[in-house]
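Read the structure below first, then the notes.
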Amino acid sequence: MNKYIFINIILFSLSVIYSSEITNDQLDKIKEVTSDINIAKNFSLRSVVKDSTYTLSNMKDKVILINFWATWCGPCRMEIPDFNELYKKYSDKGLEILGISISDTKDQLVNFLKAYTIDYPVLYGSQGDMQTVIIDYGGVYSIPMSFLIGKNNEIKRIYPGAILKQYDPNMYSDLIYTIETSLAEEYKVENILTVPDE
């Protein structure tokens, strides 16, 4: 169930059950605290190949697959051909794939790209930058881990582990379905939480 719908149901239920105990002011505070619960945290990281900066908040009109990975991770390397295929198929329709290396330096990534072809942007940052991004995304303690971000930077799905078409066709099919439905959505900003009238 969508987190927003769930929160809305809880808020409405609480307002009905405890209408004399929860004020509109309190509901406004709850709304304020939870309004961005499903929005991906912003970051700015550098691309290895073009050395350009990618800032998530500037990509609100795109669907983005953020893949946390590292060059030393075997399953991460296994994902690359499938991600290259996805990028070729959907990039002109609005999909962006960002491979965020959690531990590699720019030099390590440049050397890696001499042996592996990666068609989508590979991003890196300082140790401090990477630590902030990892914490902002709930603590990426194992890799690979991917987040599918819809338009307006809404988190649509989290995929722990490798997304491999050959080894886990169900997860891969879910990814394709979610990409296609997210690309079809209109760019919009909605006020999903509403405060019930007293």
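Before moving on, here are some points about what is shown:
- The overall shape of segment 135-174, judged from the alpha-carbon gyration tensor, is oblate: a/c is not under 1.5, and a/b is no greater than b/c.
- Ranking of Glu185, Glu154, Glu85, Glu79 by solvent-accessible surface, largest first: Glu85, Glu185, Glu154, Glu79 (1.4 Å probe, protein heavy atoms only, all chains present).
- Overall, the anisotropy analysis places segment 111-165 in the oblate class: the square-rooted eigenvalues a ≥ b ≥ c of its C-alpha gyration tensor yield a/c not less than 1.5, with a/b not exceeding b/c.
- In segment 45-150, the C-alpha radius of gyration followed by the widest Cα-Cα span (Dmax) gives 12.8, 34 angstrom.
- Segment Asp119..Glu85, full-extension length gain: 11.4 nm, with 0.36 nm per residue of separation and the alpha-carbon distance subtracted.
The values are calculated or read from the model by the stated rules, or taken from the named source; none is laboratory data. It should be emphasised that the depicted structure is a prediction, and the values quoted were computed from it without experimental measurement. To get the accessible areas, we keep the full protein, side chains included, count just its heavy atoms, and leave off ligands, DNA and RNA. Shrake-Rupley method; radii C 1.70, N 1.55, O 1.52, S 1.80 Å.
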